[in-house]
Each structure stands twice: as C-alpha cells, then as structure tokens.
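The structure appears right after this line, and notes come after that.
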C-alpha cells in the first residue's frame, strides 16, 4: 500500500519538488529528540535495555528488507561510544540470527554493565567484536554506521577520524542508524559527508533527514506511546501490520 | 512455504499418525526449560527486560497473524504473578500499538521495579490494568492467557480459580503464552483443562505442547544463540526472513 503511495507520489511530483517537502512526519530538532528520549525513560519508565532492544531489532529488520543476507552476507557494524553504538550492538546480534555474518568494530568501549553485557551477548552469538580498525573493509558487503546519534555535536573526535574517512570514501552500501554520522542534526550535510544508502530514523526522523538522498529511508522504534506522539505532534506514519519498521 | 509444507504434511499423514510425531523441534521437559532460561541470564548475560520485550513482542505478532485487530478488536490479557505475566504485560502494550483495544487483568501484582514499570508503561499507553475480575468477558473478542509459565506446578492457587474457570468454559478464542495455564508442563492435559486456539511456545516448545489440539501453534522468542541451541539440541525451525515468530 505504502509502495503504491510512493509510486503515486513519484509520478505526480517532479524533481523540482523534492519528496521530502511532502510532510508525512515531523522532523525533530536536536532538543526535541533529546526531550522525547528523556520522557520515554523518566515519564514512561522504559528501561534503556527495552528500547535499545526494540530499536536495534528494527534496524536489523530494515536492513534485511533492503540488503537481504543472501546477497549481502558479510556485514561490519561500526559502533560509537553512546546509545547509537548500543543500538548497533543489538542490531549486529539480530543480524547474526537473521543469517548474516556480523562483525563489530567498537573502538571506544565503556564499562557500563549494559554495554559490557551487549558486547558479551555479541561475542557469545558468534559476532566478532574488535576495537582496532580492520586492515581493510574489502571483504564486507555492507557497513552499518552506528557511530553517532542525535546528541552528536561536531567536531568528530580524533579516535573516529580514520573510520569516518573510510565511511566517507567507500563505495560499499552504508546503513546509518538514526543519523548519518558526522552530519549536523539540524543542518545541511557537508558535500564530503558520508552518504548512506539506507537511513533508519528511530522514533521520528531528525531535521537532517530532509537532506537524505539515499535509496531507502525507514522509520523504526515502534514503541512511542500515543500520548507522547500527540504531545510532540510527531504525525508518525502507520506501521504496517505488526511490523517494527516502515518505509518513509 | 511453511504453509505448503504443513498442507503437505496434513495430506500424507493420517489421523493415526499425529503431526506432532514428526519431530521438527525438541519438546522441553520442565528442568530443561528452567536451565535454558537460567543460562540465557547467567551465561549469555541477557537482562530480563530484553528477553521479556522480545518474547512479548513475538506473542503480540503471532496473535496479529491469527486474530488481526480488524476482526478481533477488544482483547483481555490475563497476567499471572511471574515472568509469564510479564510477557503478557509486554504483549498487551504492543497489541495496543498494533491497533487492538487492550485491557489487562492482573490480580497479583508484585513490587519488583521491572513489573511496576511494565504496568506503568501499559497504563500510559492507554491499556487499562485492573486487579479485580471483570464482571463479564462478553465484550472481549480474544483472551490472552499469560497466567502460568514453564515453572508452574499444580495446584492452582485459590486467587486464580475463578479466572481459570472462566478460561476453561469460555467459547472465546484463547491465545496461550508458552503454556496453556493449568496444564502440567510434561504431562497430558486434563480433559476439562483450557483449550487455546493459539499457543505461542517461547524459546522452544515444552513437552505438553505435543497435546495441543488448537488451530495455530507458533514459536516465538527469536533470541536463542546458536551455541545454546546446539547445547540443548533444540533443532529450532528456521524463522522466515526477519520475523520474530514462526508457525510450527
């Protein structure tokens, strides 16, 4: 149904009117994203474990729809030091269960029990986790960018410059979780910024997603209570059936 | 594909050879179920929050496949005092997001923070939670049985006798999470026991599921690491694509 709608949209709107101008959903500013996240924990009493599990699962599911494991077997998930990296760790584990061969590059690991457990779960699910940059990314079919999320503020720290250079120049398909890493949340991306083919916005798209020019834009994180959606006027699109992600 | 296989199976096997005799998966004894659960937490370092979220989501998804909200709008989820009840609370919240009108009967509530938060999440997602038995269940289209799980040992406590009587005698479709409540995990169910139309086995089916005669049997809880599956020789069926449940 949504695909028919997208086709219809493409047929009637010329290139002069970008698809993003049809406001199907609200695009969040950084403050709004931070506030909604905080409310999910403080007011709605969700645990990080719960929401990270659902977020990471929805990312793995969207990737499966766009880059199925029969065609894209080997995946490198690049995890940053915060919650975006945590989503990546969950995503890598579910992708392994979906039939991918997942590996994780996680250069700055924290001692928080949640993160130690997520790494432990990966390793015990046959997902290799390493903290030094792989010599080459030639062997991977897709790269999952879980480096920086909606609380990112530039500049990129020195530790991440090498991997950012790789992401900026690779011709492998990149799947970005929530934000293409390095992009300003509210601004227009730099011309040499990373160019993901798939963006999975979580909860609701952020302002910068208006500039996304890749093939697939999905929304994941189907856990927003109706009252919270209404309060922030998110105008979320309907998810099909019991699915955990929806194409925008 | 699986449906074609099931059809084929039904065509070639007579009533004298029950479908369950074709061992697609292992059926767990109570001790095995308890040990696997313990290993998921102790060895694989999953949190209860994580696995309960995935289990409850897979139950809601299986129910959506069998009893979609367009035809079965109003649902009562009956939650017991343990983890099975917790799965039910998660299931009720996801069903509300899927378009059902969910209510929860939760007679024996605990003070554990996880459970208090699950109830809080339900209430703040417009799922009514009550602890006294509804006067009538006439208004509900389906009943979800999340009373007792794999650690249940008879007899049923007095607090639950009334709701058990209702479940035993109703003609509404019942969806049982993991175990049809009141059934012995390893034995043969009593002739006046509850008769669910849908059973969602979690992790792996339990011994008693061999006696299940309802319309739909699903497996959910797609989180078992390969090493654990191999250790207990679970012979789990392949889940389709990125789906969180599979019909057995």
Given the criterion within 14 Å of chain A (Cβ to nearest Cβ), at negative phi and in contact with a strand residue (DSSP E or B) (Cβ under 7 Å, 6 or more places away or on another chain), identify the matching residue among B:218, B:140.
B:218
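Could you pull out the residue among B:179, B:138 that is in a loop (DSSP other than H, G, I, E, B) and over 28 Å from residue B:116 (Cβ atoms)? Spell out how you get there, then give the answer.
Values: B:179 fails: over 28 Å from residue B:116 (Cβ atoms).
The match here is B:138.
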Looking only at region A:225-248, which residues are within 13 Å of chain B (Cβ to nearest Cβ), under 25 Å from residue B:244 (Cα atoms) and either without any contact (Cβ under 8 Å) to a residue 40 or more places away in the chain or in a strand (DSSP E or B) (or both)?
A:226, A:238, A:239, A:241, A:242, A:245, A:246
For residue B:114, state whether it is more than 22 Å from residue B:156 (Cβ to Cβ) and either away from every other protein chain (no Cβ under 14 Å) or crowded, with 21+ Cβ neighbours inside 10 Å (or both).
no
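For region A:66-73, check the following and say yes or no: at least one residue is within 13 Å of chain B (Cβ to nearest Cβ), surrounded by 24 or more Cβ atoms within 10 Å (Cβ to Cβ) and closer than 28 Å to residue A:229 by Cα.
Start the filter on region A:66-73 by keeping residues that are within 13 Å of chain B (Cβ to nearest Cβ), which leaves A:66-70.
Of the ones still in play, those that are also surrounded by 24 or more Cβ atoms within 10 Å (Cβ to Cβ) are none.
No, region A:66-73 has no match at all.
Before we move on, is residue B:100 touching a strand residue (DSSP E or B) at 6+ places or on another chain (Cβ under 6 Å), closer than 26 Å to residue A:237 by Cβ, free of Cβ contacts under 8 Å to residues at least 40 places away in the same chain and within 14 Å of chain A (Cβ to nearest Cβ)? Please lay out each step first, then the result.
Numbers: touching a strand residue (DSSP E or B) at 6+ places or on another chain (Cβ under 6 Å): yes; closer than 26 Å to residue A:237 by Cβ: yes; free of Cβ contacts under 8 Å to residues at least 40 places away in the same chain: yes; within 14 Å of chain A (Cβ to nearest Cβ): yes.
Considered against the rule, which asks whether it is touching a strand residue (DSSP E or B) at 6+ places or on another chain (Cβ under 6 Å), closer than 26 Å to residue A:237 by Cβ, free of Cβ contacts under 8 Å to residues at least 40 places away in the same chain and within 14 Å of chain A (Cβ to nearest Cβ), residue B:100 comes out as yes.
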Which ones in region A:141-169 are touching a helix residue (DSSP H, G or I) at 6+ places or on another chain (Cβ under 7 Å) and either free of Cβ contacts under 8 Å to residues at least 24 places away in the same chain or in a loop (DSSP other than H, G, I, E, B) (or both)?
A:147, A:148, A:149, A:150, A:151, A:156
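Being crowded, with 24+ Cβ neighbours inside 10 Å and closer than 26 Å to residue B:211 by Cα: is that true of residue B:77 here? Give the steps one after another, and end with the answer.
On the way: crowded, with 24+ Cβ neighbours inside 10 Å: yes; closer than 26 Å to residue B:211 by Cα: yes.
For residue B:77, the condition - crowded, with 24+ Cβ neighbours inside 10 Å and closer than 26 Å to residue B:211 by Cα - is met.
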Limited to region B:63-85, what total is found for residues that are under 22 Å from residue A:45 (Cα atoms) and without any contact (Cβ under 8 Å) to a residue 60 or more places away in the chain?
1
Restricting to region B:182-216, what's the tally of residues that are under 18 Å from residue B:60 (Cβ atoms) and buried (at least 22 other Cβ atoms within 10 Å of the Cβ)?
7
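The numbers here are math on the coordinates, done by the rules we state, and not lab data. Everything numeric in this text was worked out from a predicted model, so none of it was measured. Every residue, glycine among them, receives a Cβ derived from its backbone with ideal geometry; neighbour counts consider all protein chains shown.
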